[in-house]
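Shown next, in structure tokens, is the structure this report addresses.
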Amino acid sequence: MLYYNNMLKLDKQDSVFKALSDPKRREILDLLSIKPKTTGEICSHFKSLDRCTVMQHLKVLEHAGLLIVKKVGRIRWNYLDHVPIQEIYDRWISKYAQPSLEKLTRWKNELESIID
């Protein structure tokens, strides 16, 4: 179950984390990272899912700000928006990755000094 209605109550970054928690939605983002796709192209990629389920996943991604939708005539184009992912990286990942990188560099230098 997608629990789309519950996501309406989440703040922006919570919505991004929730959207990224599902493997099918991450797969959709991987598809869109290559190039924009129509909704029909995305639906045809997921043979085991019906169109309604794919559309629910797209709604969750759009609500989280990870998806930009442009309608051209009857065709709905889906584009990946990198900004929310970059914001998550800036706020959470880089903050916690930096100390680890510093430790690895320090260990590397210590090991190299022992070898020399």
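The values are calculated or read from the model by the stated rules, or taken from the named source; none is laboratory data. Note that the structure is a prediction, hence the values are computed from the model and not measured. Reconstructed Cβ throughout: ideal geometry from the backbone, glycine too, with neighbour counts over all protein chains shown.
Could you tell me whether SER100 is among the polar types (S, T, N, Q), within 19 Å of the chain's Cα centre (by Cα) and modelled with pLDDT under 95? Against the criterion (among the polar types (S, T, N, Q), within 19 Å of the chain's Cα centre (by Cα) and modelled with pLDDT under 95), SER100 does not qualify. Put simply, of LYS70, LYS59 the only residue that is touching a strand residue (DSSP E or B) at 6+ places or on another chain (Cβ under 8 Å) and either outside the structural domain of ILE28 (by TED's automatic domain parsing) or not acidic (Asp, Glu) (or both) is LYS70. Consider region 22-66 and keep the residues that are of a type in the set (S, T, N, Q) and part of a helix (DSSP H, G or I). The one that is surrounded by the fewest Cβ atoms within 10 Å (Cβ to Cβ) is SER33.
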